[in-house]
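Notes to accompany the following structure.
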Amino acid sequence: MKRIGVLAVQGAFIEHCHRLKDMGFDAVELRNHTDAAQDLDGLVLPGGESTVQSKLLNELGMFDPLRAKITDGTPVLGTCAGLILLAHKVENGNGSGLERATTTSRVPITSFASLPVTVVRNAYGRQLGSFHATGVLHSSGSSGSSEEVSIPMTFIRAPHISDIGDGVDTIASLADGTPVAVQYKNQIGITFHPELDDDQQLYSLFASML
Ligand code: GLN
């Protein structure tokens, strides 16, 4: 049975564990250095508060063993705060909407910096912080052709992907084309919460990488 580690220091980790168990995986909660250093077939970084998670990863001695797994090619699924922890560059939103999303204030986050994207935290503003949408998943069909299928998306104080680096594929977008899920080698980063909707598509993509 494949063993998937779910970062469990803060945030929405229980829902991911349930989904992974339903899929037949051994989902183990990672809470300390020993947990993080064990052999894992995959890794899930849940949503929550990235500043708190980043601080705890460092304080609990989990940052280095997890970073080593990610850079060694262990498949990783990062959702919302989890995407922020993977991003090369993190900017702070000012809570007033996408068009004025960045400030120069210092961001107290040490990310793994393994996924070549820039993300803006809390980019959708206070009023629009949480919303539900139906977006588009770009997947390749059996003949290798590109297919678009709809996918439900729940956003909670979500980050915005403002820059996408070389080699990073956009795998899901909002209807207006805004990228909301990306893949780079062994890493999937999602700005919304797939664990909260009754849709398996992104979990199936992750499972296919294990
Ligand atoms: N706003 C949170 C952060 O900056 C992310 C929210 C979430 O994970 N749902 O870390």
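Nothing in this text is a laboratory measurement; each read-out follows from the coordinates by a stated rule. In this text, all values refer to a predicted model and were calculated from it rather than measured experimentally. Cβ: placed from backbone, ideal geometry, glycine included. Neighbour counts: every protein chain shown.
Assuming charge only on the beta carbon of Lys and Arg (+1) and of Asp and Glu (-1), the dipole of the chain about its Cα centre is about 580 debye to the nearest 20. Think of each Lys and Arg Cβ as +1 and each Asp and Glu Cβ as -1; about the Cα centre, that makes the dipole of segment 1-52 roughly 60 debye. Sorting the segments 188-195, 132-139, 36-43 by their mean number of nearby beta carbons within 10 angstrom, highest to lowest, gives 188-195, 36-43, 132-139. Taking every DSSP helix (H) stretch of at least 4 residues in the chain, weighting each as -39,500 (n - 2.57) and dividing the sum by the residue count yields a mean residue ellipticity at 222 nm of -6500 deg cm²/dmol.
By the count of neighbouring beta-carbon atoms within 10 Å, fewest first, S150, S173 end up ordered S150, S173.
Its relative contact order, with pairs defined as Cα atoms under 8 Å and 6+ residues apart, puts segment 128-210 at 26 percent.
Computed on segment 1-44, the Cα convex hull volume stands at 51 Å³ per residue. Membrane-span-like helices in the chain (whole DSSP H runs, Cα extent of at least 18 Å along the helix axis, mean Kyte-Doolittle hydropathy of at least 0.5): none found. Can you tell me the FRET efficiency between D41 and S146 if r is taken as the Cβ-Cβ distance and R0 is 35 Å, rounded to the nearest 0.05? Efficiency at R0 = 35 Å is approximately 0.80.
Max-minus-min Cα coordinates of the chain on each principal axis give 47, 43, 30 Å, with the largest extent listed first. Each Lys or Arg adds one and each Asp or Glu takes one away; over the other residues whose Cβ falls under 11 Å from the Cβ of F112, this sums to +1.
Charge dipole (Cα centre; +1 on Lys/Arg Cβ, -1 on Asp/Glu Cβ; no other charges) of segment 20-79 amounts to roughly 160 debye.
The local environment of D163, defined by Cβ-Cβ distances under 13 Å, has a net charge of -1 under the rule Lys, Arg +1 and Asp, Glu -1.
Across the chain, the relative contact order, built from alpha-carbon pairs under 8 Å that are at least six residues apart, equals 18 percent. Put simply, the amide H of G135, placed in the peptide plane, has neighbours under 5 Å in I151, M153, leaving out anything fewer than 5 places away on its chain.
The value for segment 1-96 of Rg(Cα) / (2.2 N^0.38 Å) is 1.04.
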